[in-house]
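Q: Below is one structure. I have some questions about it.
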Amino acid sequence: MALVLRDIHQPPAPPWWPPAPGWWLLFALVVVVASVAWAWHARRKRRRREIEALFDDTVARADSPARAVAAMSELLRRAARRHDPRADRLQGAEWLALLGARLPPGDAEALAPGHASGRLLLEGAFRTDVGPGDVDALHPVARKVYLAMMSGGKR
């Protein structure tokens, strides 16, 4: 008696939908991570805009160029205390060096004691001959340092 053998039949391939539970978990993990990253980025961006507005509004409210320089100096002192508790007691070249350390090397030169912006930041609040042009020259440098300090910039 001869046996009739039949060929082996493979079962049909599993359907692609619905995915296995592991894929659902992976998808949920990716969604959660993406949501947290987006929320962190949005919060950081909103915080930076608030810090920029605080600096700009405080300087804009000053009624004279000397008071604008004093406002910038006060904001920088407050921000510097976040990094160095003795920052409010530093003076002269030490103070400017602390501020310059928060900037890239090319920008830090503007805060050297011999540079006009550095001298203005040190003496401007006490001088009567400070002009609006001097404040306009100091504003971007001071703003950059302030933002670097408040956002946890270079240490």
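A quick yes/no check of all residues on (1) part of a loop (DSSP other than H, G, I, E, B); (2) open to solvent by less than 60 Å² (accessible area, probe 1.4 Å); (3) modelled with pLDDT of 90 or more:
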position	(1), (2), (3)
L99	no, yes, no
A108	no, yes, no
G114	yes, no, no
G118	no, yes, no
G124	no, yes, no
T128	yes, no, no
K144	no, no, yes
G153	yes, yes, no
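Q: Out of (1) open to solvent by 30 Å² or more (accessible area, probe 1.4 Å); (2) in contact with a helix residue (DSSP H, G or I) (Cβ under 6 Å, 6 or more places away or on another chain); (3) among the hydrophobic types (A, V, I, L, M, F, W, C), the odd one out for A39 is which?
A: (2)
Q: Follow-up question, since we're still on this one. When you look at P14, is it over 30 Å from S151 (Cα atoms) and open to solvent by less than 100 Å² (accessible area, probe 1.4 Å), yes or no?
A: Answer is no for this residue.
Q: Here is a list: A37, A53. Which entry is within 25 Å of A142 (Cα to Cα) and small (G, A, S)?
A: Just one listed residue meets the conditions, A53.
Q: For W24, state whether it is assigned to a helix (DSSP H, G or I) and open to solvent by 50 Å² or more (accessible area, probe 1.4 Å).
A: So W24 passes the test.
Q: Given the condition part of a helix (DSSP H, G or I), out of contact with any Leu (no Cβ under 8 Å at 6 or more places or on another chain) and within 26 Å of P132 (Cβ to Cβ), answer yes or no: does some residue in the stretch 1-21 qualify?
A: The answer is no, given that none of the residues of the stretch 1-21 is part of a helix (DSSP H, G or I), out of contact with any Leu (no Cβ under 8 Å at 6 or more places or on another chain) and within 26 Å of P132 (Cβ to Cβ).
Q: For the stretch 78-92, which residues satisfy the criterion of being more than 20 Å from D134 (Cα to Cα) and either open to solvent by 40 Å² or more (accessible area, probe 1.4 Å) or of a type outside the set (A, V, I, L, M, F, W, C) (or both)?
A: R78, R81, R82, H83, D84, P85, R86, D88, R89, Q91
Q: Is there a residue in the stretch 77-87 that is over 27 Å from K45 (Cα atoms) and assigned to a loop (DSSP other than H, G, I, E, B)?
A: The answer is yes; a qualifying residue exists.
Q: Somewhere in the stretch 50-71, is a residue farther than 19 Å from K144 by Cβ, loosely packed, with under 11 Cβ neighbours inside 10 Å, without any contact (Cβ under 8 Å) to a residue 24 or more places away in the chain and out of contact with any Asp or Glu (no Cβ under 7 Å at 6 or more places or on another chain)?
A: Checked against the condition, which is being farther than 19 Å from K144 by Cβ, loosely packed, with under 11 Cβ neighbours inside 10 Å, without any contact (Cβ under 8 Å) to a residue 24 or more places away in the chain and out of contact with any Asp or Glu (no Cβ under 7 Å at 6 or more places or on another chain), the stretch 50-71 yields at least one hit.
The values are calculated or read from the model by the stated rules, or taken from the named source; none is laboratory data. Small disclaimer: the values here were computed from a predicted structure and weren't measured. Note that we place each Cβ from the backbone using ideal geometry, even for glycine, and neighbour counts take in every protein chain shown. The area values use the complete protein model at the heavy-atom level, side chains included, leaving out ligands, DNA and RNA. Shrake-Rupley method; radii C 1.70, N 1.55, O 1.52, S 1.80 Å.
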